[in-house]
Amino acid sequence: MKLMVVMGEYPPEEDERRRQAVLKCASPGTEIGFCVIKATFFRRSNSQVNSLSAGPLVAEVAQKAETDGYDALVPFGTLDAGVELARNLVRIPIVGAGQSVLHLGAQLSSRLGVIAYEDKSIPFMRKQMHAWRVADSVVAIRGIGIPLPESTKSRGAMRERFIKVARDLIDNHDAEIIVPMGVTMVPVQYSPQEFEEELGVPVMDALKTSIQTAEMMVRMGLTHSTKTYPPATTK
């Protein structure tokens, strides 16, 4: 099985950190390919702009990946950049980390507490959650106030704020599961198990969910419906 993971541009050490996290999520025997697009996820702090501007680039990679024999494609991160567009252009599964982790979380509990990097990302997250029909399962969304580019140098502060925000979601909003909508928080910087031990509730891993959802779809021979995503035809 061959999966293509589409990544934005990161500094070399940050890029390698994320690639290693992806490889740890894959099952034995799954081959992971990486493609880097000219996108600025690590520099531009606007989730909606990042997602919309990267969409056509992800879709272009999806078409090439299908031609090159890849079985599925996963855009890195929970913005799900290009997922909707790519599904209209290819027949291999296109799996978004944000959509897949929230749907998995909704199977486990109807009270999800969501954590973002910054509050400015929350409006776009809400739009996505309504589109994915999971908004009713989300009790609250809170940011930790650490921009993505500062995640490594502020690693200690990230952990402290994550625990504080998660505890507030659990104690004051009755969240039963914590969903980090940012794969740099979990699993790139911290494992979900580390947070679970301190919080006493499950903590989701969006990156692992997306990779293993893609693997499951390939094994089951499933992909998106052409009724939902009519193929784009050229006249």
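The values are calculated or read from the model by the stated rules, or taken from the named source; none is laboratory data. Small disclaimer: the values here were computed from a predicted structure and weren't measured. Methodologically, a virtual Cβ is constructed for each residue, glycine included, from the backbone with ideal geometry; neighbour enumeration extends over all protein chains shown.
A few notes on this one:
- Qualifying residues in the range 19-32 (those that are surrounded by 15 or more Cβ atoms within 10 Å (Cβ to Cβ) and small (Gly, Ala, Ser)) - the one farthest from the chain's Cα centre (by Cα): Ala26
- The condition of being touching a Leu at 6+ places or on another chain (Cβ under 7 Å) and either of a type in the set (Gly, Ala, Ser) or modelled with pLDDT of 95 or more (or both) holds for Ala62.
- Looking across the range 1-18, the residues that are under 26 Å from Met217 (Cα atoms) and not in a loop (DSSP other than H, G, I, E, B) come down to Lys2, Leu3, Met4, Val5, Val6, Met7, Arg18.
- The set of residues in the range 83-122 being charged (D, E, K, R) and either modelled with pLDDT under 95 or part of a helix (DSSP H, G or I) (or both) consists of Glu84, Arg87, Glu118, Asp119, Lys120.
- Residues of the range 147-156 satisfying the condition of being over 19 Å from the mean Cα position of the chain (by Cα) and within 12 Å of Tyr190 (Cα to Cα): Arg155, Gly156
- Applying the set (1) touching a helix residue (DSSP H, G or I) at 6+ places or on another chain (Cβ under 8 Å); (2) closer than 30 Å to Val139 by Cα; (3) not in a loop (DSSP other than H, G, I, E, B) to Asp80 leaves exactly one unmet item: (3).
- Against the conditions (1) closer than 25 Å to Ser191 by Cα; (2) in a helix (DSSP H, G or I), Val61 satisfies every one except (1).
- For the range 18-31, a residue qualifies if it is out of contact with any Phe, Trp or Tyr (no Cβ under 8 Å at 6 or more places or on another chain) and within 20 Å of Gln189 (Cβ to Cβ), and the qualifying residues are Gln20, Ala21, Leu23, Lys24, Cys25, Ala26.
- Long-range neighbours under 6 Å by Cβ, at least six apart or interchain, first residue closer than 16 Å to Ala206 by Cβ within the range 82-106, second of a type in the set (D, E, K, R): Ile94/Arg87; Gly96/Asp80; Gly98/Asp80; Gln99/Asp80
- Comparison of Ser51, Ser47, Ser109, Ser100 shows that the only residue that is in contact with a strand residue (DSSP E or B) (Cβ under 7 Å, 6 or more places away or on another chain), of a type in the set (S, T, N, Q) and crowded, with 16+ Cβ neighbours inside 10 Å is Ser109.
- Residue within the range 162-170 that is farther than 17 Å from Phe195 by Cα and either surrounded by fewer than 21 Cβ atoms within 10 Å (Cβ to Cβ) or touching a Ser or Thr at 6+ places or on another chain (Cβ under 6 Å) (or both) present: no
- Spans of helices (runs of 4 or more DSSP H) in the range 141-221 with at least 1 residues under 24 Å from Pro93 (Cα atoms) and without any contact (Cβ under 8 Å) to a residue 60 or more places away in the chain: 206-220
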